[in-house]
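Inspection log for the structure reproduced underneath, given as structure tokens.
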Amino acid sequence: MTVSGQSVLQIRELEISITSRCTLACDNCGFVVPHQPTPYLDDPISEISDSLTHLHRAGVRIASLAILGGEPTIDRQLLETVLRTVARIGIAERIEVVTNGLTPRGLSRLALHHINRLSVSVYGLGAEIRDLYRTWIGLVAPHVELIFRESDDGWDPWAEGVKVSQSRAQAMFDDCWYRRHCTTLERGRLFVCSRVAKLARDEEGLAITSSTTINDLRSYLSQPVALPSCATCTPMMGLDTVPAGVQPDDRIPRLEAKAVAWLTTAISTQQGRIV
Ligand SMILES: C[S@@+](CC[C@H](N)C(=O)[O-])C[C@H]1O[C@@H](n2cnc3c(N)ncnc32)[C@H](O)[C@@H]1O
Ligand code: SF4
Ligand code: SF4
């Protein structure tokens, strides 16, 4: 593909975690919370800005860029600044925030202004909070597509210590759904999938610098040989799924009650402003 003579590489979906912190502690979290490595080396804003700028200049375009964590709404200012930065660079056709929905106060109006889609993962959220989200988004950011991600079929298990042969690892890599849907950028590196990033296998990623070329990126993303991480990849082993979003305590109903109160006030304030 070329645009004005420049060769372009289209990435279907790129994920960027802005924090490893989370309000929940889901059993089998696919992003290994609470043991997720910090997704930046020093400063998240400048690292995300530099990496995306280098990718953009090299000729990368992203169809859908997802901002997640941990929980991306846990730090309102950080989320807003990251979204402003991503929008300014103009590398992504669509920007999405993926959240557990329990801290809506972390979504400022400016943050919502820069996103196209808000995906709320449903771990037992009731009908009331979903209705409140629909009303609130309809009032403050009607351009945003709001979706609720259900996990009725369960999650892929994230067990430790299971290892398959090299030939099986290669077959898993060849079939891998994740590497087609969750290319990941963190710590100044591109990773074929979020799992390698979350295992902090930085040597299996590609460092992104001002010298990175589109051919470097193509070679990395279309490498034919399985990575060392693939041999232990339980999500691709076809194991039985596990229940999604299971917590060690009652934190979901506690946080949900607070979120309901916050959304109710936000809606009534907003309705007051409109009147
Ligand atoms: C890791 S979370 C991060 C964003 C936010 N904390 C949330 O839960 O939506 C991103 C998405 O991964 C999904 N996910 C988490 N662990 C998973 C697993 N073991 N298998 C499949 N999907 C998983 C979640 O349901 C969520 O939609
Ligand atoms: S909400 Fe659950 S799935 Fe999302 S990052 Fe936190 S622990 Fe992981
Ligand atoms: S570790 Fe390998 S098999 Fe597992 S998700 Fe990543 S690329 Fe796919």
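Per residue, the solvent-accessible area of the chain (1.4 Å probe, heavy atoms of protein chains only, all protein chains present) comes to 47 Å².
Within the accessible area of the stretch 220-275, the carbon and sulfur atoms contribute 62%, probe 1.4 Å, all protein chains present. With both residues required to sit in the stretch 2-274, DSSP beta bridges show an antiparallel share near 25%. Modelled spin-label separation between Asp174 and Ile147, with each label point placed 7 Å from Cα along the Cα-to-Cβ direction: 3.0 nm. Annotation: extensible slack from Arg134 through His181 equals 14.2 nm (criterion: 0.36 nm per residue apart, minus Cα-Cα distance).
Taking the chain, the Cys residues with no second Cys beta-carbon under 4.7 angstrom are Cys22, Cys176, Cys182, Cys193, Cys230, Cys233. Residue by residue, the stretch 63-76 carries 3J(HN,Hα) couplings of 5, 9, 10, 10, 9, 8, x, x, 10, x, 8, 6, 10, 4 Hz when phi is fed to the Karplus relation 6.51 cos²θ - 1.76 cosθ + 1.60 (θ = phi - 60°); x denotes Gly or Pro. Annotation: the chain has a Kirkwood hydrodynamic radius of 19.7 angstrom, from the mean reciprocal C-alpha pair distance. Using every pair of distinct Cα positions in the stretch 164-229, the Kirkwood expression returns a hydrodynamic radius of 12.3 angstrom. What you get for the stretch 2-274, charging only the Cβ of Lys and Arg (+1) and of Asp and Glu (-1), is a dipole of about 700 debye around the Cα centre.
Helix 166-175 axis versus longest C-alpha principal axis of the chain: approximately 50°, rounded to the nearest ten.
The candidates Trp262, Trp155, Trp136, arranged from most to least accessible area with a 1.4 Å probe in the full protein assembly, appear as Trp262, Trp155, Trp136.
Measure off, as a whole percent, the carbon and sulfur share of the 1.4 Å-probe accessible area of the stretch 89-131, all protein chains present. Provide the component values of the computation, followed by the final result.
On the way: 640 of 1450 Å².
The value for the stretch 89-131 is 44 percent carbon and sulfur by accessible area.
Select from the stretch 158-215 those GluC sites (Glu not before Pro) which occupy a DSSP coil region and have at most 11 other Cβ atoms within 10 Å, ordered by residue number. Write out the running numbers ahead of the final one.
Details: sites: Glu160, Glu186, Glu203, Glu204; in loops: Glu160.
For GluC sites (Glu not before Pro) across the stretch 158-215 that sit outside H, G, I, E and B with at most 11 neighbouring Cβ atoms in 10 Å, the list reads Glu160.
Separation of the stretch 199-254 from the stretch 16-84 is 14 Å, based on Cα centroids.
Couplings for the stretch 8-21, taken from phi via the Karplus curve 6.51 cos²θ - 1.76 cosθ + 1.60 with θ = phi - 60°, read 10, 10, 9, 9, 5, 9, 10, 10, 10, 8, 9, 7, 9, 7 Hz in order; Gly and Pro are left as x.
Out of Gly126, Tyr40, Gly154, whose Cα points farthest toward the positive end of the dipole of the chain (charges: +1 Lys, Arg; -1 Asp, Glu; placed on Cβ)? After comparing all options, I get Tyr40. Listed values for the stretch 31-46 are Karplus-derived 3J(HN,Hα) couplings in whole Hz (6.51 cos²θ - 1.76 cosθ + 1.60, θ = phi - 60°), namely 10, 6, 5, x, 10, 5, x, 4, x, 9, 8, 9, 10, x, 5, 5, and x replaces Gly and Pro.
The values are calculated or read from the model by the stated rules, or taken from the named source; none is laboratory data. All figures in this text were calculated on a predicted structure; none of them were measured in a lab. Don't worry about glycine lacking a Cβ; one is built from the backbone with ideal geometry, like all the others, and counts go over all protein chains shown. These accessible areas exclude ligands, DNA and RNA; they are computed on the full protein's heavy atoms, side chains included. Shrake-Rupley method; radii C 1.70, N 1.55, O 1.52, S 1.80 Å.
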